[in-house]
Amino acid sequence: MKALQQKFIEAFDIGSDIEKQKAVFETDGPTLIIAGPGTGKTYTLILRTLYLILLGKAKPSEIVLTTFTEKSSYELRDRLSLFSKRLGEKLGLHELITGTIHGICDSFNLKYIKQTPLKKNYTVLDDLTCSLFINEHFEEIIEQFHDGERYFGRWKGKWDTIGRIKGFYDKITEELINPDNLINSQDDFLIQLGESYRIYRNLLFENNRVDFAFQQRIFYDLLQVKSTHDKIASTIKYMLIDEYQDTNYIQEQIALSLVKPHNNLTVVGDEDQALYRFRGATVRNILEFESHFSKCRRIKLLENFRSHEAIIAHYNKFMQEIDWSNPKGTVQFRYPDKKVVPARYTVSPEYPAVFCIWTDSIAHEAARFADMVDYLLKNKVINDPSDVALLLRSVKLEHSEPFITALNLKNIKAFCPRAKAYFENEEIKLLIACYALIFDFVGNDLDNYNHKEVIHDGIQQLGKYADKPLGAYLRRMNENINALQKGESLDDIPSDFPFQMFAYSPFSEYLKDENAARNLSQFSSLISSFMTYYHLSIITEKNKVALKYRLFNSFFNLLLNSGQNEYEDENNPIPKGYVQIMTIHQSKGLEFPVVVVSSLDKQYSVNKQTDRFLSPFYQREVFEPEKRITQFDHARLFYVAFSRPQKLLVLSSSSEPKNIFSNVWEGLDQWPHVKKETLKAQRFQSKDPYIPKKSLSLTSHINVYETCPRQYLFFKEYEFTPSRTGQVLFGTLVHETIENLHRRILDSEKVNEQIISVDFENNYKALLSNGYRPLGIQPKEGALRHVINYFQKNKDLLDRVIETEIDVSYEKDDYIINGKVDLLLGKDDKLEVLDFKSQQKPDSKDSIIEKYGYQLHVYAHILKERYNKDPERLYLYWTAEEHRKDALMEIDYDEKLVEEAGKHFDSVAKCIINKEFDIQNMPDKSKVCKECDFKHYCRVENI
């Protein structure tokens, strides 16, 4: 142990930091790590996890490590690998249970799905699709609670009600409130709320849907069953939770349950950075953490490695002016005697590290901000516009546009993807205008439309294409719809239209611009959601008018009212060449050389209504006094903002700042009247953002790229949502029903053709509810025949099943390769790997057999390392073949082929990482291109 600790101290330079050593080496029992901004909490969390593994306390598969975002989990995984290599160790970190709490709950829900109210292929609803789901079932969930004027006696508008009621639903779920208690109350609103919630919950499960809150509730319910709890908890030896100040009640209860009885739970966080009350989080989880245990270790990491000492002093002073005392409780609202200090080797040169911008209007504030950025760039104080972040309370266009305009006047570009400006993009305006012309949403329809200016603008811009191919296409589609007779339907569906228009200018040019292409991709996803939740997948004479009005008056109206964010690359959130304009919440976890914090004069409020109604039904007493919450949250929000900069903090306001800022605002020098000469002499160096390794699936990435690099570009890189999914549905349906068969055998359940048929139908319905297009009668019967035939011909194989649908992953230098093994067989301490293909056996010379052989060898190599057993046989099973002798293809395992396969996949991965998407070898047009949505575009591009 001592030798390993010394190795860590030397390799990771923590010899002089006693608190950090405690955080890494003191492993057992409950541990609270309070980590201030810039103190290296992620670094510490990684070292603690690595130490646990190398000390032999736990295997990676026995550690749960939760993060606030999926990107953070990828970063932790990659840095763990990097740090282990620094120590000369190679670890199988793919088995580490890491991700967001929602994601980890979801993985356990999938594993134990038979014990949940869900079925396979359930859909997880995001904010938009959840609103669409409630709208889809509006009459059942909400309409009955309308008194003639208002819904629930409170709200008038339909979509406003949907948005507001969803917040109540989430709180009921996450606070473990029994809706019966609401129904049995004496309050009319609470009675209706409880009844509505119960209907919503039941409809979710009936339709095989789940929202983010219910992802957690379902897992919580699993843990209440002792046998299931014991089975899950017995596999977890340590749990570590990052950003614990932003967890909610149900997440706390899940964590406390998972670590019973050993209590090896480490939480890391900072109560001063608790920002997500509006999402149901509560700071009390971190402040009261120690109270759950008779003995708990508390470690404080307060040495800041990020910021100039003047900046640190400034935000310390800001927080110390707030009264955090709790005279009625044993726990204060902030840990006492907490003061962040500069790291011992921090060099803080003499220059104005904190100053302000103060003007009499937003336009003047924006102009001075742009002038300052221009000065820093021209004098090479900063290297790139991305070294500057402007933080606002809200970045909607009415707040961010003055700053964007002022920067543009200085020829400086701004990046503000959350300004809700998606529909301001030319390509999107034109696309919506095209839909308006196709469906005849013109004349009185358009004149009375709330957002007519967006469509009018688009139609006006389309004028130049009236006598071009695009104009002819729009007229033709409009005529086709208008000409539909009773009982007729159009061959084309609404989601086909964008892909058809990509063949014509200007859309064909937009696809060559990455930003425009990503906006168009987002539209393909939106129109797919419309078809799924409005159940309008085809255009008929009967539904064409209803489709038009639901598309424009309901769906597009919702999107235009709420606004849509533009594309952000989660792996590169700070693109070079742009000043970053973001909300304070968005900046959490980031750092910049220069940070300008505006909105100091804006009114700050907190929504307390939900807690006011529901707190009497919570499982614990109210913690923070309602009258003090606004001040607490106001301080925490701006503490996060003030602690983002490395070198320069600028407070900015277009009028008198609120009183809460008086102690940090008064006496500041104002730009441009600061000591520019000392500032001019500085050279700020920014850190490149961490970009995780790319994860590539053998089937959905490598295979797609090899089939057609252009398909990879559009469907994987840009993430277009396919319009036509029949072929995908067939194969998925066969695979999933065969998996059901294997699961039943592993669980020692009865299996016969009738049970298989029921599973098949359930899978089919679930896949259709996810937006897949229905199969014809013959293809559907053929898919079931594949499964039945496999069952009848392979009963001897089924006796040797060890596991099914095994996730496999292998880390390479530049990427991570992953896949899923369909079936693992075993006999006499040997492994056999089987992969299903829902097609006929190809000719023996077909190159696809070599490709599949490579995949099997990579799978087998990973499984050999995992199980420490030699793979004896590899099989491909072609489910379309009637006879087993034709269906089952055996491939000898060859270690040389493993190396050959690795080199092959390395070369493909290199092309993907380097974004080499030009087509070198033409795909089979009769198979690949015929079923591809981009065939129209490729045809005009002569591909």
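The values are calculated or read from the model by the stated rules, or taken from the named source; none is laboratory data. Note that this is a predicted model, so its numbers are computed, not measured. When we count neighbours, we look across all protein chains shown, and the Cβ atoms used for this are built from the backbone with ideal geometry, even at glycine. Accessible surface is based on the protein model in full, side chains and every heavy atom, while ligands, DNA and RNA are left aside. Shrake-Rupley method; radii C 1.70, N 1.55, O 1.52, S 1.80 Å.
The helices (runs of 4 or more DSSP H) found wholly in the stretch 814-925 and carrying at least 1 residues that are within 28 Å of ILE691 (Cβ to Cβ) occupy 847-867, 895-913. Restricted to the stretch 1-108, the set of helices (runs of 4 or more DSSP H) holding at least 3 residues that are among the polar types (S, T, N, Q) and modelled with pLDDT under 95 comprises 70-86. For the stretch 380-399, which residues satisfy the criterion of being under 18 Å from GLY577 (Cβ atoms) and either open to solvent by 10 Å² or more (accessible area, probe 1.4 Å) or under 25 Å from the mean Cα position of the chain (by Cα) (or both)? Of everything in the stretch 380-399, those that are under 18 Å from GLY577 (Cβ atoms) and either open to solvent by 10 Å² or more (accessible area, probe 1.4 Å) or under 25 Å from the mean Cα position of the chain (by Cα) (or both) turn out to be LYS380, ASN383, ASP384, PRO385, SER386, ALA389, LEU390. For the residues ILE34, ILE14, ILE18, ILE63, the requirement of being at negative phi, open to solvent by less than 20 Å² (accessible area, probe 1.4 Å) and without any contact (Cβ under 8 Å) to a residue 60 or more places away in the chain singles out ILE14. Of the residues making up the stretch 898-943, those that are of a type in the set (D, E, K, R), open to solvent by 20 Å² or more (accessible area, probe 1.4 Å) and within 31 Å of the chain's Cα centre (by Cα) are ASP906, LYS910, LYS915, GLU916, ASP918, GLU931, LYS935.
If you go through the stretch 317-354 and keep only what is more than 36 Å from the chain's Cα centre (by Cα), open to solvent by 40 Å² or more (accessible area, probe 1.4 Å) and of a type in the set (Ser, Thr, Tyr), you end up with SER325, THR330, TYR345.
Could we say that PHE715 is touching a Pro at 6+ places or on another chain (Cβ under 6 Å) and among the aromatic types (Phe, Trp, Tyr) here? Taking the combined requirement at face value, the residue does not satisfy it.
When each of LYS380, LYS295 is tested for being more than 28 Å from LYS410 (Cβ to Cβ) and either outside any helix (DSSP H, G or I) or at pLDDT below 95 (or both), the lone residue that passes is LYS295.
Filtering the stretch 872-890 to residues that are under 38 Å from the mean Cα position of the chain (by Cα) and open to solvent by less than 10 Å² (accessible area, probe 1.4 Å) leaves LEU874, LEU876, TYR877, TRP878, THR879. Within the stretch 646-657, is there a residue that is among the hydroxyl-bearing types (Ser, Thr, Tyr), assigned to a loop (DSSP other than H, G, I, E, B), open to solvent by 20 Å² or more (accessible area, probe 1.4 Å) and more than 30 Å from ASN181 (Cβ to Cβ)? Yes - at least one qualifying residue is present in the stretch 646-657.
For first residues located in the stretch 378-399 and more than 30 Å from PHE423 (Cβ to Cβ), partners that are open to solvent by less than 30 Å² (accessible area, probe 1.4 Å) and part of a strand (DSSP E or B) and lie 6+ apart or on another chain with Cβ distances below 7 Å form the pairs ILE382/VAL388; ILE382/PRO593; ILE382/VAL594; ASP387/PHE592; ASP387/PRO593; ASP387/VAL594. For LYS827, the criteria (1) closer than 26 Å to PRO871 by Cβ; (2) surrounded by 17 or more Cβ atoms within 10 Å (Cβ to Cβ) hold in every case but one, which is (2).
Return yes or no: is SER307 closer than 30 Å to PRO352 by Cα and not in a helix (DSSP H, G or I)? Against the criterion (closer than 30 Å to PRO352 by Cα and not in a helix (DSSP H, G or I)), SER307 qualifies. Between VAL606, VAL579, the distinction of being aliphatic (A, V, I, L, M) and either more than 20 Å from ALA641 (Cβ to Cβ) or surrounded by 20 or more Cβ atoms within 10 Å (Cβ to Cβ) (or both) belongs to VAL579 only. Residues being in contact with a Gly (Cβ under 9 Å, 6 or more places away or on another chain) and either hydrophobic (A, V, I, L, M, F, W, C) or modelled with pLDDT under 90 (or both) are represented in the stretch 752-773 by at least one member. Listed by first and then second residue, the pairs with beta-carbon distance under 6 Å, at least 6 apart or on different chains, first residue in the stretch 338-366 and touching a residue at least 24 places away in the same chain (Cβ under 8 Å) and assigned to a loop (DSSP other than H, G, I, E, B), second surrounded by 17 or more Cβ atoms within 10 Å (Cβ to Cβ) and acidic (Asp, Glu), are ALA343/GLU303; THR359/GLU365. Quick check: anything in the stretch 414-426 open to solvent by 40 Å² or more (accessible area, probe 1.4 Å), part of a loop (DSSP other than H, G, I, E, B) and in contact with a Leu (Cβ under 8 Å, 6 or more places away or on another chain)? Yes, the stretch 414-426 has at least one match. Would it be correct to say that ALA635 is among the small types (Gly, Ala, Ser), over 30 Å from ASP924 (Cα atoms) and surrounded by fewer than 18 Cβ atoms within 10 Å (Cβ to Cβ)? Here the answer is no, as ALA635 does not meet what is asked.
For the stretch 754-764, a residue qualifies if it is out of contact with any Leu (no Cβ under 8 Å at 6 or more places or on another chain) and either surrounded by 12 or more Cβ atoms within 10 Å (Cβ to Cβ) or among the β-branched types (Val, Ile, Thr) (or both), and the qualifying residues are ILE755, VAL758, GLU761, ASN762.
When only residues in the stretch 777-791 that are open to solvent by 30 Å² or more (accessible area, probe 1.4 Å) and touching a residue at least 12 places away in the same chain (Cβ under 8 Å) count, which is farthest from VAL728 (Cα to Cα)? The qualifying residue farthest from VAL728 (Cα to Cα) is LEU784. Could you say whether any residue in the stretch 126-136 is within 25 Å of GLU761 (Cα to Cα), surrounded by fewer than 20 Cβ atoms within 10 Å (Cβ to Cβ) and more than 18 Å from the chain's Cα centre (by Cα)? For the stretch 126-136, residues within 25 Å of GLU761 (Cα to Cα), surrounded by fewer than 20 Cβ atoms within 10 Å (Cβ to Cβ) and more than 18 Å from the chain's Cα centre (by Cα): present. Has the stretch 890-899 got at least one residue that is more than 22 Å from VAL808 (Cα to Cα) and among the aromatic types (Phe, Trp, Tyr)? No: zero hits.
The residue list LYS464, LYS512, LYS468 contains one member that is under 14 Å from TYR937 (Cβ atoms) and surrounded by fewer than 14 Cβ atoms within 10 Å (Cβ to Cβ), which is LYS512.
Only a single item in (1) surrounded by fewer than 20 Cβ atoms within 10 Å (Cβ to Cβ); (2) of a type outside the set (Val, Ile, Thr); (3) closer than 22 Å to THR49 by Cα; (4) within 33 Å of the chain's Cα centre (by Cα) is not met by LYS295, and it is number (4). The stretch 164-272 holds helices (runs of 4 or more DSSP H) entirely within its bounds, and those carrying 3 or more residues that are in contact with a helix residue (DSSP H, G or I) (Cβ under 8 Å, 6 or more places away or on another chain), open to solvent by less than 30 Å² (accessible area, probe 1.4 Å) and not aliphatic (A, V, I, L, M) map to 188-206, 212-223, 249-258. Apart from one condition, TYR893 fits all of (1) open to solvent by 60 Å² or more (accessible area, probe 1.4 Å); (2) of a type outside the set (Val, Ile, Thr); (3) in contact (Cβ under 8 Å) with a residue 24 or more places away in the chain; (4) closer than 21 Å to ILE802 by Cβ; the exception is (1).
I'd like to check something: does the stretch 798-810 contain any residue that is surrounded by fewer than 17 Cβ atoms within 10 Å (Cβ to Cβ), part of a loop (DSSP other than H, G, I, E, B) and modelled with pLDDT under 95? Yes, that holds for at least one residue.
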